[in-house]
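Contents: one structure, followed by commentary.
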Amino acid sequence: MKIGTSLRTGYGLPDVRQTARWVIERGRAARDAGLDSLFVGDHHNVPVPYYQNVPMLGRLLAEWDERPAGALFLLPLWHPVLVAEQIGTLASIASGPFVMQCALGGGREQFGAFGLTTKDRVARFEAGVDIVRRLCAGEAVTAEHPYRVENVRIAPVPPEPLTVWIGGSVPAAIDRAARLGDAFLAGPEATPAEARQLIDTYREACARHGRTPETIAIRRDIHVGADDADADRVAGPVLARGYRGFDPAAPVTGGVSRVAAAFADLGDMGYTDVIVRHLADDHTEVLRSFERLAEVRAQLQTAR
């Protein structure tokens, strides 16, 4: 079981320099805790400061090392040539493998900001994955629909093969992950029972497409306390306010042993990677939780 992190990059505070520093400090904390991967998300046209994935990841890579790193792209909102060029540069900065996480995205406010609708997002997504993959492999690409590109190449090309993780929760999206991706990423809203259903659906889809699943990841929104009571002190009020509309069974909170046990259960289901995001608002508490994730990793490794 590997533990990575998808850093929170949206904050409702007015001091944008302070919260940008928080993102960087959390990246350092993830590095120091020995986490296995580092990611940032993607969102557009939001009412609070949301640090965009490409420049923020470029800054974070100065704090990272040869462990995998990457960014989520809501692919239908991006032109695939631009995505490939951004990835080529980020992968050149990175010391290790680059992972493109991608998803369909949704919301009229996001698509409308780019003059798009959601009706053709599946076609844009599938074409985007194909074009980005080929460009990042060094190919010259020509395509007609829904993106018209003619004999395009990018430089720099990523120095290592691009890995593509595809997120989703409905059967059609999971089938796309099995058909087009190198890995499946389950979302943070899934309860343990739903997480088991998602991984079973993904494995069945891989079997239909003659694919052998290797990386199967799930995001968990978490807090690791000094003990269970300390975690409840920090996370309890957040969950009581109806955190993101999630079922309370989906987030993982507790002391080191309780969190390690929850992650071990996911490993027993077949998940290879848990990608964590912290649910607490208090920055100091988040940094302490990152420190304790090193102990969670140690417990999981001892148990193997």
- Rounding to the nearest 20 debye, state how big the charge dipole of region 1-167 is about its Cα centre with +1 on each Lys and Arg Cβ and -1 on each Asp and Glu Cβ. 320 debye
- Per-residue HN-Hα couplings for region 28-41 [Karplus 6.51, -1.76, 1.60; θ = phi - 60°; Hz; x = Gly/Pro]: 5, 5, 5, 4, 5, 6, x, 5, 8, 7, 9, 9, 10, x
- Item | Derived scalar couplings ³J(HN,Hα) [region 137-152; Karplus, 6.51 cos²θ - 1.76 cosθ + 1.60; whole Hz; x for Gly, Pro] | 8, x, 7, 8, 10, 10, 8, 10, 8, x, 10, 9, 10, 10, 6, 9
- Note on region 1-167, DSSP bridge orientation, antiparallel percent to nearest 5 equals 15 percent
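Just want to confirm a number: the relative contact order over region 175-243, from Cα pairs under 8 angstrom separated by 6+ residues, in percent.
That works out to 35 percent.
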- Note on the structure: Given backbone amide H placed at 1.01 Å from N, residues whose amide H is under 5 Å from that of residue 278, ignoring those fewer than 5 places away on the same chain, are 8, 222
- Task: Sort out for me the Cα centre separation of region 270-293 from region 1-32, rounded to whole Å.
- Result: 10 Å
- Query: Per the helix-only calculation at 222 nm, which mean residue ellipticity applies to the chain, given -39500 (n - 2.57) for every DSSP H run of n ≥ 4 and division by its residues, nearest 500 deg cm²/dmol?
  - Reply: -14500 deg cm²/dmol
- Message: Please report the spacing between the Cα centers of region 106-121 and region 174-250 in Å, no decimals.
- Response: 26 Å
- To the nearest 10 degrees, how steep is helix 80-93 against the longest Cα principal axis of the chain, on a 0 to 90 scale? 50 degrees
- Query: What is the calculated FRET efficiency for residue 145 to residue 265, with r their C-beta to C-beta distance and R₀ = 45 Å, to the nearest 0.05?
  - Reply: 0.50
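Taken together, the values in this text are just the output of simple stated rules run on the coordinates, not laboratory data. None of the values given here were measured: they were computed from a predicted structure. Backbone-built Cβ (ideal geometry, glycine too); neighbour counts: all protein chains shown.
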